[in-house]
Every structure is written in structure tokens, then in C-alpha cells.
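Participant: Please read through the structure below; I'll follow up with questions.
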Amino acid sequence: MTIQDLKTILEAEVIFGDELMDQEIHTACGSDMMSDVLAFVKDQSVLLTGLVNPQVVRTADMMDIRCIVFVRGKRPDNDIIELAQERDIALMSTGLRMFTACGLLWEKGLRG
Amino acid sequence: MENLIKLSYEVDGEDFTRAGEASASVKKSLRKLGVPPDVIRKVAIALYEGEINMVIHAEGGVIDVEISPEHVTMVLRDHGKGIADVEKAMQEGYSTAPDEVRSLGFGAGMGLPNMKKYSDEMTIDSTVGVGTTVSMTVYIQ
């Protein structure tokens, strides 16, 4: 699926990355612990998280993650958005909780 | 990439939001040099965890990186409080990080284990009250 599909499935609002919506995503991970993201992911393209700070974007950057979805309606501040812009990482926010968001993506065929 | 490339960074221990800038810069340099992506990722993760550790535990420090055609060597030096029990610190899940660090997404006791996991060689030289030097090497296949 593409980042655009992700947006539709999660009824998410795009905060940054309108021009990145066509990118293909293959796998996802969901975590609030960045060290867990760094420990267990391989070739993930999407990170779902309830954590909102610049280290989320830095972690995504290190892992070559292309899109970050903030769950539970969380929204990043301008510093975080700027960091993502510099790195071409799409940002979106969904009102769904982590479990529901991950479940919906799994149901549509996205795997971890 | 015939010559040895040396990079050096001062890590600011005061500002957690900036932790990771050195790792991002090294990652960019490796990409420009055409280093394979899997090698870049190993270096980036190992160094990023190390950088975070320097900010959480040691009030910053200095990172020296050497890039040769064969390997990337990273040396992280700090003058923090040192690691009392290195063996224990290497166990997954063991952490002495304060709670506020956990609320930032770190301090799960995965830092050193992740550094070990993603580097091909790692040594820790630490003296309590003096500081810690972590050396990591990632081979470029």
C-alpha cells in the first residue's frame, strides 16, 4: 500500500508530506519506546507512535522510516515538523488508539 | 574512498532534543561515500544509541569517527559518572536512566545491547567517577 492508503485507512490528517503520498510502504511497527524501534525493526517504512518529541523523527531517520503516524490524536510541534521536513519523512495524526490503528493496517495486509 | 576520513563531534549534554545530530551527520556522510545501506543503518543505530547514552548519563562528550574502505570506527568518550557494572549494563532491560528519560522514549535498557547488536566489534572502558570510552567498529563488506 501507499502512504495515501494509510491515510485513508486510519482516517488520518496529513501534517507534512502531501508530495510523499505515493510512496510504497511494505511493513510497519508500533511503539512508544524508541529503543525498541531501534532494536527490532528491519526495513520498516511506517512508525506508529503515541510519543511526540524530536527523537521520534531522529529514530525514524536512522531506520530509513518514511512515515510517522501519531496515534490518539497527538500532534507534533513546529520543531518536530521542521526536522521531518529536512528528512522528507511524512507526518500524520490519527484519532485512533495504537491497538486499533495497528489492527486496521494488519487487516488490510500490512505486516510487521 | 581511498583515504581515511575522520569526523569529530562534540555532543551537548544539556539538550536532549538535539541528541542524534552527530549520528545524522555521519549517516549523511556515509551515504555520500556510497557505503551500502545495511552498513549505514548499523552505524547509524549504534552511534545514535551511543549519542543518546552520552546525553542521558554523561552530560555529553566527544565522538570521533573514522571511515576507511574496510570499516567505520566510532569512539565515544565522556567524562560522566562511569559504569559500575559493565556486565549488568549490557543486559537487555537493565537501566539506570531516570523516569523522565523513559517518558522521552528511551531508558528501556536497550541502549548498550543495541550498540553491541549493530556493531561488529565493541569495547567499553569505564572507570567510575572518571568516565567511559566506548569503541565500536562496523565492517564494510
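Here, each number is a calculation from the coordinates, and none is a lab measurement. Note that the structure is a prediction, hence the values are computed from the model and not measured. Here the Cβ is made from the backbone with ideal geometry for all residues, glycine too, and neighbour counts use every protein chain on show.
Participant: Based on Cα coordinates alone, diagonalise the gyration tensor for chain A, multiply each eigenvalue by 5, take square roots, and list the semi-axes in whole Å, largest first.
Facilitator: Rounded to whole Å, the semi-axes are 17, 15, 14.
Participant: Need one number: % antiparallel among DSSP beta bridges in chain A, to the nearest 5.
Facilitator: 25
Participant: Name all residues of region B:62-77 having a backbone nitrogen under 18 Å from the label point set 7 Å from the Cα of B:ASP15 along its Cα→Cβ direction, giving them as ranges.
Facilitator: From region B:62-77, the list is B:62-63.
Participant: Under the Karplus relation 6.51 cos²θ - 1.76 cosθ + 1.60, θ = phi - 60°, what is the ordered set of whole-Hz ³J(HN,Hα) values for region B:79-85, x standing for Gly and Pro?
Facilitator: After applying 6.51 cos²θ - 1.76 cosθ + 1.60, I find 10, x, 7, x, 10, 5, 10 Hz.
Participant: Arrange the peptides B:67-79, A:44-56, B:91-103 so that the one whose residues have, on average, the most other Cβ atoms within 10 Å appears first.
Facilitator: Output ranking for B:67-79, A:44-56, B:91-103: A:44-56, B:67-79, B:91-103.
Participant: Between A:THR2 and B:TYR94, what is the label-point separation in nm under the 7 Å Cα-to-beta-carbon projection?
Facilitator: Modelled inter-label distance: 5.0 nm.
Participant: Let me ask another. Take the Cα radius of gyration of region B:5-139 and divide it by 2.2 N^0.38 Å, with N its residue count; two decimals is plenty.
Facilitator: Normalised Rg, Cα atoms only: 0.98.
Participant: Hey, another quick one. Using all Cα-Cα distances in the protein assembly as shown, what percent lands in each 5 angstrom bin from 0 up to the longest?
Facilitator: For the protein assembly as shown, the pair-distance distribution reads 1, 6, 14, 18, 19, 15, 12, 8, 5, 2, 0.
Participant: Take the alpha-carbon centre of region A:38-112, take the same for region B:1-80, and report the distance between them in whole Å.
Facilitator: Value for the Cα centre distance between the two parts: 23 Å.
Participant: Ordered by residue, what ³J(HN,Hα) values in Hz, to whole numbers, does region A:97-112 give under the Karplus form 6.51 cos²θ - 1.76 cosθ + 1.60, where θ = phi - 60° and Gly and Pro are x?
Facilitator: Result, rounded to whole Hz: 7, 3, 4, 5, 4, 5, x, 5, 5, 4, 4, 8, x, 6, 10, x.
Participant: Taking amide H positions as placed 1.01 Å from N in the peptide plane, with prolines and chain starts having none, which residues 5 or more places from B:VAL11, or on another chain, fall under 5 Å of its amide H?
Facilitator: B:GLY61, B:VAL62, B:ILE63
Participant: Another question, then. So, R0 is 35 Å and r is the distance between the beta-carbons of B:ASP125 and B:SER103; what FRET efficiency does that work out to, to 0.05?
Facilitator: Calculated value: 0.70.
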